[in-house]
Amino acid sequence: MNAPVAADLAFLSMTEAADAFAAGEVTATALAEACLARIAAQDGVVNSVIRLDSGAALEAAAAADAARRAGRRLGKLAGVPMMHKDMYYRAGKVSSCGSRIRRDFRPAATATVLERLDAAGAVDMGTLNMAEFAQNPTGHNRHFGDCHNPWSPAYCTGGSSSGSGAGVAARFFYAALGSDTGGSIRLPATLCGVTGLKPTQTRVSRAGVMPLSFSCDNVGPLVRTARDAARFLAVTAGQDPRDPTSAREAVPDYEAALTGDIRGMRIAVCETWFLEGADAPVVAAFEAALDALRARGAVVTRIAVPSLRAINAYTALVSRVEGAAIHANWMREHPGDYAIHLSARLYGGYAFPAHLYVEALSRRGSLLRQFVTEALTGHDLVATPTLRTRVPTLAETDIDADPANWSRFMAVSANTRPFNYLGLPAISVPCGFDDRGLPIGLQLAGRPFAEATVLRAADAFQQETGWHRKAPAL
Amino acid sequence: MEPDQVTIEAITRWGGIVLPNKAARIGLADNAALIAELEALRGTMGFEEEPSGFDAALRDCKEPSR
């Protein structure tokens, strides 16, 4: 293999960059410099970065280069520049959570997931823009400025991991942590044309991560390929003594599952909910994606899922009540420090009766069993469009400017939310573009802890189609 | 639908949280859609009487061994 030339380096996938570094084909310093040059040239348009630690990143890259020259053992992500949503705590560093309220918050301890990435040799370049307290699905932020879609700046990036999706798409870094409580990894992945994985609930430690909804929060990556997601998950997943809710399930070799072979894999398409009111370009891209999966040997069937109605009602209850509880003190003492759209959204959560919240939690296990019976008995995966509509503009989803935009704003996460209540793993991969050149995403969800199956299908799809290789012309 | 003033006052009384802005009235009114959904489910759902932990369901619903 020839050494990649400098101009190409930022366009490598995460695993390509990691493998090139491990093979001695590129230095970590060259990778970091390529990313920093892209950020310097283009982030004025995208606004994905909150804090850029250029000096520290170059020092860490130089240390990785020295370690390789010395023949020391390298981690799976050695030398790879990353940035993360500004809600992953690093001891002593400001973690704003995209808010005014926590603009100067310096946590005492580092998130377990950051410690695991550090141990794998990843180069941390700083923190990323996000929805305020991870509480919107669009990418608006009144305190750090809205994040702009790199495919067309007037359009939403998706949220709440807006900077993570936009920056990976813009080739500013190779991977980014997002968080997903109702779609906050998968939505920016689909709106920005990258790959985003929400793991099974409890799969990845949440220690040192800003909470939004204790029941539905998940930690996961935004990257360029399913293979990237597989390696990233292998590094970050697994039981953590600091997070008593983290699962004790063994972490498999996810990359070994990426055989490209999905012959006989059974994929269900729910005829209810996920396609209701979907825009024509989205339906067309989704059907073409199903054809691509069939071309690799998958068997696609249409099914009805009666439990979805209850699942959706309870999903809204749980996440909004928990969000309201977490923010109660600040809503009482600093309501004016929130953006209008956030305080307005939180406020509704204080009106829910407690007995319904308890009921929603009590039914969660049985509804998961019911959904699995209805949708995943006889099927390996469920496929849906990640977003039912074409990508909306920032203006038409801006509640602060016009509260009448409320329903459009809330509709963005309709297809992603159910999998948070159910706790199931789900991935979004690019599957086409609409008539305005904005990306469309395919969502694949599987049984609990079936990330290997989800990733295998997503990887086979990417081998078949190549949509994930498209990059915006900034 | 204009939200009930009683609800606004109850939120203040229970939590000390006041209506923060005009958009919050829309946020509160938006609860009507969820109330309608829950109303439609009445009689079919309810508190789960038997022990049914979510973590146990996650483990039980894993992929069958291949």
| Residues in segment A:415-451 that are out of contact with any Asp or Glu (no Cβ under 8 Å at 6 or more places or on another chain) and in a helix (DSSP H, G or I): how many? | 5
| Number of the exception - residue A:346 against (1) surrounded by fewer than 23 Cβ atoms within 10 Å (Cβ to Cβ); (2) touching a Phe, Trp or Tyr at 6+ places or on another chain (Cβ under 8 Å) | (1)
| query | Does residue B:57 fit the bill of being surrounded by 15 or more Cβ atoms within 10 Å (Cβ to Cβ), at pLDDT 90 or above, at the interface with chain A (Cβ under 7 Å from one of its Cβ atoms) and touching a Phe, Trp or Tyr at 6+ places or on another chain (Cβ under 7 Å)? | reply | no
| Can we say residue A:391 is under 18 Å from the mean Cα position of the chain (by Cα) and closer than 16 Å to residue A:149 by Cα? | yes
| remark: Condition set among the acidic types (Asp, Glu), within 14 Å of another protein chain (Cβ to nearest Cβ) and touching a helix residue (DSSP H, G or I) at 6+ places or on another chain (Cβ under 8 Å), scope segment A:385-422, selection surrounded by the fewest Cβ atoms within 10 Å (Cβ to Cβ): answer is A:400
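Rundown of residues vs (1) over 13 Å from the mean Cα position of the chain (by Cα); (2) surrounded by fewer than 24 Cβ atoms within 10 Å (Cβ to Cβ); (3) within 24 Å of residue A:19 (Cβ to Cβ); (4) among the hydrophobic types (A, V, I, L, M, F, W, C), yes/no style:
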| position | (1), (2), (3), (4) |
| --- | --- |
| A:189 | no, no, yes, yes |
| A:206 | yes, yes, no, no |
| A:209 | yes, no, no, yes |
| A:214 | yes, yes, no, yes |
| A:230 | yes, no, yes, yes |
| A:235 | yes, yes, yes, yes |
| A:240 | yes, yes, no, no |
| A:263 | yes, yes, no, no |
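Take residue B:39 and decide whether it is at pLDDT 85 or above and under 30 Å from residue A:452 (Cα atoms).
On the way: at pLDDT 85 or above: yes; under 30 Å from residue A:452 (Cα atoms): no.
Taking the combined requirement at face value, the residue does not satisfy it.
Hey, can you tell me all the residues within segment A:243-269 that are of a type in the set (Lys, Arg) and outside any loop (DSSP other than H, G, I, E, B)? Break it down into steps so the answer makes sense when it comes.
Within segment A:243-269, the first condition is being of a type in the set (Lys, Arg), and the residues that meet it are A:248, A:263, A:266.
Correct list: A:266 only.
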| Matching option when the condition is among the acidic types (Asp, Glu), surrounded by 12 or more Cβ atoms within 10 Å (Cβ to Cβ) and at pLDDT 90 or above, among B:48, B:63 | B:63
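Can you pull out every residue in segment A:359-384 that is in a strand (DSSP E or B) and either among the hydroxyl-bearing types (Ser, Thr, Tyr) or within 9 Å of chain B (Cβ to nearest Cβ) (or both)?
Taking segment A:359-384 and keeping what is in a strand (DSSP E or B), we get A:381-384.
A:384 - this is the single residue of segment A:359-384 that is in a strand (DSSP E or B) and either among the hydroxyl-bearing types (Ser, Thr, Tyr) or within 9 Å of chain B (Cβ to nearest Cβ) (or both).
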| said: Taking the criterion of being part of a helix (DSSP H, G or I), of a type in the set (D, E, K, R) and surrounded by fewer than 17 Cβ atoms within 10 Å (Cβ to Cβ), would at least one residue in segment A:38-55 satisfy it? | reply: no
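Report yes if residue A:276 is under 24 Å from the mean Cα position of the chain (by Cα), touching a residue at least 40 places away in the same chain (Cβ under 8 Å) and surrounded by fewer than 22 Cβ atoms within 10 Å (Cβ to Cβ), otherwise no.
Judged against the criteria, residue A:276 is a match.
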| note | Counting only residues in segment A:313-353 that are more than 9 Å from every other protein chain (Cβ to nearest Cβ), part of a helix (DSSP H, G or I) and closer than 17 Å to residue B:23 by Cα, the one farthest from the chain's Cα centre (by Cα) is identified as A:337
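The rows are residues; the columns are (1) buried (at least 24 other Cβ atoms within 10 Å of the Cβ); (2) touching a helix residue (DSSP H, G or I) at 6+ places or on another chain (Cβ under 7 Å); (3) within 27 Å of residue A:203 (Cα to Cα).
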{"residue": "A:64", "(1), (2), (3)": "yes, yes, no"}
{"residue": "A:80", "(1), (2), (3)": "yes, yes, yes"}
{"residue": "A:83", "(1), (2), (3)": "yes, yes, yes"}
{"residue": "A:94", "(1), (2), (3)": "no, no, yes"}
{"residue": "A:106", "(1), (2), (3)": "no, no, yes"}
| query | What number of residues within segment B:1-41 are buried (at least 16 other Cβ atoms within 10 Å of the Cβ), aliphatic (A, V, I, L, M) and part of a loop (DSSP other than H, G, I, E, B)? | reply | 2
| query | For residue A:297, which of the numbered conditions (1) over 17 Å from residue A:137 (Cα atoms); (2) touching an Asp or Glu at 6+ places or on another chain (Cβ under 7 Å) fails to hold? | reply | (2)
| message | Any residue that is crowded, with 22+ Cβ neighbours inside 10 Å, facing chain B (nearest Cβ under 10 Å) and more than 22 Å from residue B:40 (Cβ to Cβ) - is there at least one of those in segment A:279-289? | response | no
| remark: Selection over segment A:170-200 where residues are of a type outside the set (A, V, I, L, M) and over 14 Å from residue A:233 (Cβ atoms) yields a count of 14
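The values are calculated or read from the model by the stated rules, or taken from the named source; none is laboratory data. Please read these numbers as outputs of a predicted model, since none were measured by experiment. Cβ coordinates were reconstructed from backbone atoms using ideal geometry, including for glycine residues, and neighbour counts include every protein chain displayed.
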